[in-house]
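The next block holds one structure in the form of C-alpha cells; read it before the comments.
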Amino acid sequence: MGKPLIVVSSVTYAMKGRDLLFRHGIKGYVQRIPKTENTGCGYGIYVPNGADAAERILIENHIRVLRRMEQDGDLP
C-alpha cells in the first residue's frame, strides 16, 4: 500500500496547506510528485495519518485539491 498524498496546484499551496494542517494538529510534509505523461510535475502534501480529514480541511479553507494519490517510496 502506498502513502497518501494530497496533490495541490503549486508549491506555495502545498506549504500553506502543510501549515494549515499543522494548526489543526495534523502532520503533513511537502513532497514533489514524480513527473508522468498525465500529470507533469507538481507538489503534494504527504499526510501519514488522517488524510480524509486533512483533505476536508484544505478544501474548507479554499486550498484547491487536484486529486489524491498513493505514492510508493521512502517518505518521512
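Here is how the numbers come out for the structure above:
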read-out	value
Single residue of E60, E55 found to be within 10 Å of the chain's Cα centre (by Cα), acidic (D, E) and modelled with pLDDT of 95 or more	E55
Cβ pairs under 9 Å, 6+ apart, first in the range 46-65 and more than 10 Å from I6 (Cβ to Cβ) and part of a loop (DSSP other than H, G, I, E, B), second modelled with pLDDT under 95 and of a type in the set (A, V, I, L, M)	P48/L75; R64/V8
Some residue of the range 29-51 being at pLDDT 95 or above and among the acidic types (D, E)	no
Tabulated pairs, the range 3-26, first open to solvent by 10 Å² or more (accessible area, probe 1.4 Å), second part of a helix (DSSP H, G or I) and modelled with pLDDT under 95, C-beta under 8 angstrom, 6+ apart or interchain	P4/A51
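The values are calculated or read from the model by the stated rules, or taken from the named source; none is laboratory data. Just so it is clear, the structure is predicted and the values come from calculations on it, not from any experiment. Counting neighbours? That spans all protein chains shown, and the Cβs are built from the backbone with ideal geometry, glycine included. Note: accessible area is taken over every heavy atom of the protein model, side chains too, but ligands, DNA and RNA are not part of it. Shrake-Rupley method; radii C 1.70, N 1.55, O 1.52, S 1.80 Å.
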